[in-house]
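Undergrad: I'd like to ask some things about the structure below.
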Amino acid sequence: MSKDHNFNDRVSALGLLIALGIIYGDIGTSPLYTMKAIIGENVISEMLVFGGISCVFWTLTLQTTLKYVILTLQADNNGEGGIFSLYTLVRRRGALLALIAIVGGSALLADGIITPPISVASAIEGLRIIYPEIPTIPIVILIITLLFGLQILGTNVVGRGFGPMMLIWFSMLAVLGITSIASNPQVLAALNPYYAYDLLANHPSGFWILGAVFLCTTGAEALYSDMGHCGKQNIRVSWVFVKTCLILNYFGQGAWLISREGSHLDTNPFYAIMPESFLFIGIIIATLAAIIASQALISGSFTLVSEAVRLNFWPKVRLLFPSEVRGQLFVPSINILLWIGCLGVVLFFRESSAMEAAYGLAITITMLMTTILLTVYLVVRKVSPVFIGIFLLVYLSLELSFLSANLLKFTHGGYISLILCLLLVTVMWVWKEANSIKDQLTDYTDLQPFIPLLKKLSIDETVPKYATHLVYMTKSSSKNKIENKIIYSIMQQRPKRADIYWFIHVETTNEPYTREYKVEILAPQDAIRIDFRLGFKVEQLIGRYFSNVVSDMVQNKEVDVSSRYQSLHSEGVTGDFTFIVMQKFLSHENKLPAYRRIVMQLHFLLRRLTVSEKHWFGLDDNHVEIEKIPLLILPAPDVKLQRIK
């Protein structure tokens, strides 16, 4: 078993604390608004209260515990989770799976824009019980801004700070729940699934209440996405404590609600079960927990985007690694986009009750996509067909029901999350399709016939020396193949004489943390190829890695990198290294069909908004030359000209 896998299998006090701080923020604060949403405008009745709590209990059991904590966490990619990690395990099983992963990932990102506003707003609005006229919107905006400002510290630091607070939060949920249940213990009868069936089948609002019930499990997908931050065993152990506290609080709210049978809800039952003397402290703890609630989706979004970049589903953006701890990363551009999106949601909806209408619709789509990919994974793992059939039947039925009920929210704000989802799907699909088109048009040629010519060019003093060491990045996975454009660059565009020609290929592996390389000496002291195998979560600092490889080769006496100028060579001065980065642009000579033209135009527009190839590969500006290459996808027909005298 690998070292990375051992990390994932360890249970530690620190790991459990970090899990509380990072993983359970979203699902842990659902008691703030779930029961309030279930009751809604309906008259409080035994059927509604018992049925609602029963639905919540069995949703947390079937959807969160069984599907995610027990089954989905098994599909770990060397310790990493999330829908894109799951996709890398099954992507060879069909091209359609890429679209399924893109839709699921986009929906999760869209949901991440709504999670911080609804969590923070729900908590802050509790202050109105004490201060009815308090303006909550500025407070919500300030808290969200501070939260996104903390992300640069990394999830390890954030988790250490947030973990103890969430321990207090969950303990408070349990104590408040137990105290309230003691006054009305008959509410425990709601453990019987019959009450859930009775509500859905016989209540006037019946089936549509599922849209509110679903709010209790919206954090389950983030739970899977954040697996790499603290390990699946820490998640499983801590979930026992978390679920117990959640259930106790839901039943406590139910005990209070049943005592108000026959009336309409005029306050949040979460705050109603607090003793009046504890109310102010409870609101403060709830506010801090709501701030932390946003962390699960934010951390999951960073993980999601970093994986999407490696899979060519997302434009190349800057990825930062705040610490040496596994799984810690920060994506500045996504942090800013999420922050702006959250502020927009707060200003548009203004109230948490209005946000509930938009919340949950997108995440049901993600859960459906995860179910499909997980089914393929179970097939790959050769799990019993009977088990796979039961799994698919149960979860497609459950999640399609949630989706149908959530569609009622569409006109009440759900369209916001679907618009966001559609925009993200467009970005991912365009980037994937454009890269696929470019790959199809990349022409390769045999390198071996050009080796003698490279040797001659290297010693041809009639050609000015371009660099001592000339380095090209190649997409060819074969040591005997090279892109035509590289040969054209060396031989024709402007003959480039160098003492040694280096060709570097980077392969992104399905494992997250692979760091391997292989050296092929094509011609001693003239042409060398290096193949890097890097995991999909490894930062591509090619300049640094290349320098380390060259140093190792020098120590092993495989290459002499000193300058070939006699005066410098005798002193052992190292020659200069120049990287050639080829930047494609869309040629005006193209005559493209409408679909491909739109895809490529959007692709090049997106590329102007993201980091350049040289920065993506971690290359210093003073060592890089940019060559612009026209991309000719479908040449326009030849134009016939008539010569006249």
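Undergrad: So which of Leu109, Leu142, Leu146 is of a type in the set (A, V, I, L, M, F, W, C), part of a helix (DSSP H, G or I), within 24 Å of Lys67 (Cβ to Cβ) and within 30 Å of the chain's Cα centre (by Cα)?
TA: Leu109
Undergrad: Assess whether Cys245 counts as being modelled with pLDDT under 90 and either under 36 Å from the mean Cα position of the chain (by Cα) or open to solvent by 30 Å² or more (accessible area, probe 1.4 Å) (or both).
TA: Criteria not met by Cys245.
For (1) under 24 Å from Ser294 (Cα atoms); (2) at pLDDT below 90, each residue gets a yes or a no:
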residue	(1), (2)
Asp4	no, yes
Leu14	yes, yes
Leu32	yes, yes
Met35	yes, no
Gly51	no, no
Phe57	yes, no
Phe84	yes, yes
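Undergrad: Of Ser551, Ser547, Ser477, which residue is assigned to a loop (DSSP other than H, G, I, E, B), out of contact with any helix residue (DSSP H, G or I) (no Cβ under 9 Å at 6 or more places or on another chain) and either open to solvent by 60 Å² or more (accessible area, probe 1.4 Å) or over 19 Å from Asp439 (Cβ atoms) (or both)?
TA: Ser477
Undergrad: Go through (1) open to solvent by 50 Å² or more (accessible area, probe 1.4 Å); (2) in contact with a helix residue (DSSP H, G or I) (Cβ under 8 Å, 6 or more places away or on another chain); (3) β-branched (Val, Ile, Thr) and name the single condition Ile181 misses.
TA: Of everything listed in (1) open to solvent by 50 Å² or more (accessible area, probe 1.4 Å); (2) in contact with a helix residue (DSSP H, G or I) (Cβ under 8 Å, 6 or more places away or on another chain); (3) β-branched (Val, Ile, Thr), Ile181 misses just condition (1).
Undergrad: Test Ile580 against the criterion of being modelled with pLDDT of 75 or more, assigned to a helix (DSSP H, G or I) and β-branched (Val, Ile, Thr), and give yes or no.
TA: Here the answer is no, as Ile580 does not meet what is asked.
Undergrad: May I pose another question? Just to check your reading of the model, which residue among Val69, Val56, Val90, Val11 is not in a helix (DSSP H, G or I) and not charged (D, E, K, R)?
TA: Val11
Undergrad: Let me ask you something else. Residues in the range 355-366: is at least one surrounded by fewer than 16 Cβ atoms within 10 Å (Cβ to Cβ) and β-branched (Val, Ile, Thr)?
TA: no
Undergrad: Give Glu520, Glu516, Glu507, Glu539 a once-over and let me know the one that is in a loop (DSSP other than H, G, I, E, B) and acidic (Asp, Glu).
TA: Result of the check over Glu520, Glu516, Glu507, Glu539: Glu539.
Undergrad: Residues Ala354, Ala358, Ala405: which one is in contact with a helix residue (DSSP H, G or I) (Cβ under 7 Å, 6 or more places away or on another chain), of a type in the set (Gly, Ala, Ser) and part of a helix (DSSP H, G or I)?
TA: Only one candidate passes the filter, namely Ala405.
This table checks each residue for (1) open to solvent by 10 Å² or more (accessible area, probe 1.4 Å); (2) farther than 21 Å from Leu108 by Cβ.
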| residue | (1), (2) |
| --- | --- |
| Gly211 | no, no |
| Leu223 | no, no |
| Asp226 | no, no |
| Lys232 | yes, no |
| Gly252 | no, yes |
| Trp256 | yes, yes |
| Leu265 | yes, yes |
| Phe270 | no, yes |
| Glu276 | yes, yes |
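Undergrad: Let me ask something else. I'm trying to understand the selection: among the residues of the range 452-461, which are touching a strand residue (DSSP E or B) at 6+ places or on another chain (Cβ under 9 Å) and open to solvent by 50 Å² or more (accessible area, probe 1.4 Å)?
TA: Pro452, Lys455, Ile459, Asp460, Glu461
Undergrad: Which residue is modelled with the lowest pLDDT, if the candidates are limited to the range 555-577 and must be under 25 Å from Ile486 (Cβ atoms) and open to solvent by 50 Å² or more (accessible area, probe 1.4 Å)?
TA: Looking at the filtered set, the residue picked out is Arg564.
Undergrad: Restricting to the range 104-154, name every residue that is among the polar types (S, T, N, Q) and either open to solvent by 10 Å² or more (accessible area, probe 1.4 Å) or closer than 19 Å to Tyr33 by Cβ (or both).
TA: Of everything in the range 104-154, those that are among the polar types (S, T, N, Q) and either open to solvent by 10 Å² or more (accessible area, probe 1.4 Å) or closer than 19 Å to Tyr33 by Cβ (or both) turn out to be Thr115, Ser119, Ser122, Thr136, Thr145.
Undergrad: Among the numbered conditions (1) in contact (Cβ under 8 Å) with a residue 40 or more places away in the chain; (2) on the phi < 0 side of the Ramachandran plot; (3) of a type outside the set (D, E, K, R), tell me where Leu96 comes up short.
TA: Looking at each condition in turn, Leu96 falls short on (1).
Undergrad: Name the single residue that is modelled with the lowest pLDDT among those in the range 436-451 being touching a strand residue (DSSP E or B) at 6+ places or on another chain (Cβ under 9 Å) and open to solvent by 70 Å² or more (accessible area, probe 1.4 Å).
TA: That would be Asp443.
Undergrad: I'm checking my understanding of the structure. Among residues of the range 481-517 that are polar (S, T, N, Q) and surrounded by 14 or more Cβ atoms within 10 Å (Cβ to Cβ), which one is nearest to the chain's Cα centre (by Cα)?
TA: Of everything passing the filter in the range 481-517, Asn510 is nearest to the chain's Cα centre (by Cα).
Undergrad: Scan the range 400-417 residue by residue and report those that are buried (at least 18 other Cβ atoms within 10 Å of the Cβ) and free of Cβ contacts under 8 Å to residues at least 60 places away in the same chain.
TA: Leu403, Gly414, listed by residue number.
Undergrad: Going by the conditions given, is Ile528 closer than 23 Å to Arg318 by Cβ and β-branched (Val, Ile, Thr)?
TA: no
Undergrad: So the check is Cβ under 6 Å with 6+ separation or different chains; which pairs have a first residue in the range 495-517 that's among the acidic types (Asp, Glu) and a second one that's assigned to a strand (DSSP E or B) and at pLDDT below 90?
TA: Listed pairs, sorted by first residue: Asp499/Thr468; Glu511/Gly535.
Undergrad: Give me a count of the residues in the range 70-94 that are open to solvent by 10 Å² or more (accessible area, probe 1.4 Å) and under 16 Å from Arg10 (Cα atoms).
TA: 3
The values are calculated or read from the model by the stated rules, or taken from the named source; none is laboratory data. It should be emphasised that the depicted structure is a prediction, and the values quoted were computed from it without experimental measurement. Note that we place each Cβ from the backbone using ideal geometry, even for glycine, and neighbour counts take in every protein chain shown. Surface accessibility is based on the protein's heavy atoms, side chains included, excluding ligands, DNA and RNA. Shrake-Rupley method; radii C 1.70, N 1.55, O 1.52, S 1.80 Å.
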